[in-house]
Amino acid sequence: MSNLTFGIIKPDAVAKGHTGKIIDKIISAGFRIRGMKLIHQSKKQSEGFYAVHAERPFYGELTEFMSSGACIVLALEKENAVKAWRDLMGATNPAEADEGTLRKEFAGSIGENAVHGSDSDENAAIEISYFFSKLELV
Ligand code: CMP
């Protein structure tokens, strides 16, 4: 069980002006932000990031969307961080997300669902290192 996870505030949430509200909820939930930057991914970068989904029917749509605008990438620290961040995000499909979760409040659809989070400690380490160098983690 690691204390670090990786998150993204996706292009839909950034474009709608929800970045500040989401960051506020992250801090209020007790996460320490160890890394944070505003980026605009290329199609190639988002294809690399979501390579595990390459065979899925929604891969093209997903990587198109993730490279359609600016997003915020985050390295987050908290005890049992992967689960804590997934609990705060809520279900992938906002129609199934619990009250009080980020996706319930900010997501419009399963594809444009406001935030991303790692699903395991192993993937958190891979995903953090995809976007951050060691020097960028404070
Ligand atoms: P995320 O946590 O970023 O990981 C993979 C993403 O694929 C997921 O959030 C969803 O946004 C997206 N996704 C999953 N299922 C579908 C689907 N059926 N249609 C479109 N996008 C999907």
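Filter region 120-137 down to the residues that are in contact with a strand residue (DSSP E or B) (Cβ under 6 Å, 6 or more places away or on another chain) and either of a type in the set (Asp, Glu) or assigned to a loop (DSSP other than H, G, I, E, B) (or both), then identify the one that is nearest to the ligand (Cβ to nearest atom). Give the steps one after another, and end with the answer.
Step one: of region 120-137, the residues in contact with a strand residue (DSSP E or B) (Cβ under 6 Å, 6 or more places away or on another chain) are 124, 127-128, 131-132, 136-137.
Then drop every residue that is not either of a type in the set (Asp, Glu) or assigned to a loop (DSSP other than H, G, I, E, B) (or both), which leaves 127, 132, 136-137.
Numbers: 127: 10, 132: 17, 136: 21, 137: 21 Å.
Within region 120-137, the match that is nearest to the ligand (Cβ to nearest atom) is 127.
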State yes or no: is residue 117 within 12 Å of the ligand (Cβ to nearest atom), in contact with a Lys or Arg (Cβ under 6 Å, 6 or more places away or on another chain) and touching a residue at least 24 places away in the same chain (Cβ under 8 Å)? yes
Residues in region 67-104 that are touching a helix residue (DSSP H, G or I) at 6+ places or on another chain (Cβ under 7 Å) and in a strand (DSSP E or B): how many? 5
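Give the residues of region 66-76 that are out of contact with any Pro (no Cβ under 6 Å at 6 or more places or on another chain) and buried (at least 17 other Cβ atoms within 10 Å of the Cβ), sorted by residue number.
Result: 66, 67, 72, 73, 74, 75, 76.
Would a scan of region 48-64 turn up a residue that is away from the ligand (no atom under 13 Å from the Cβ), buried (at least 18 other Cβ atoms within 10 Å of the Cβ) and more than 19 Å from residue 132 (Cα to Cα)?
Residues of region 48-64 that are away from the ligand (no atom under 13 Å from the Cβ), as a first pass: 48.
Subset that is buried (at least 18 other Cβ atoms within 10 Å of the Cβ): none.
For region 48-64, residues away from the ligand (no atom under 13 Å from the Cβ), buried (at least 18 other Cβ atoms within 10 Å of the Cβ) and more than 19 Å from residue 132 (Cα to Cα): absent.
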I'm told residue 39 meets every condition in (1) within 18 Å of residue 131 (Cα to Cα); (2) surrounded by 21 or more Cβ atoms within 10 Å (Cβ to Cβ); (3) of a type outside the set (Ser, Thr, Tyr) except one. Can you identify the failing condition by its number? (2)
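Since every read-out is calculated from the coordinates, none of them should be taken as a lab result. Small disclaimer: the values here were computed from a predicted structure and weren't measured. Neighbour counts are summed over all protein chains in view; Cβ atoms, including those assigned to glycine, are modelled from backbone coordinates with ideal geometry.
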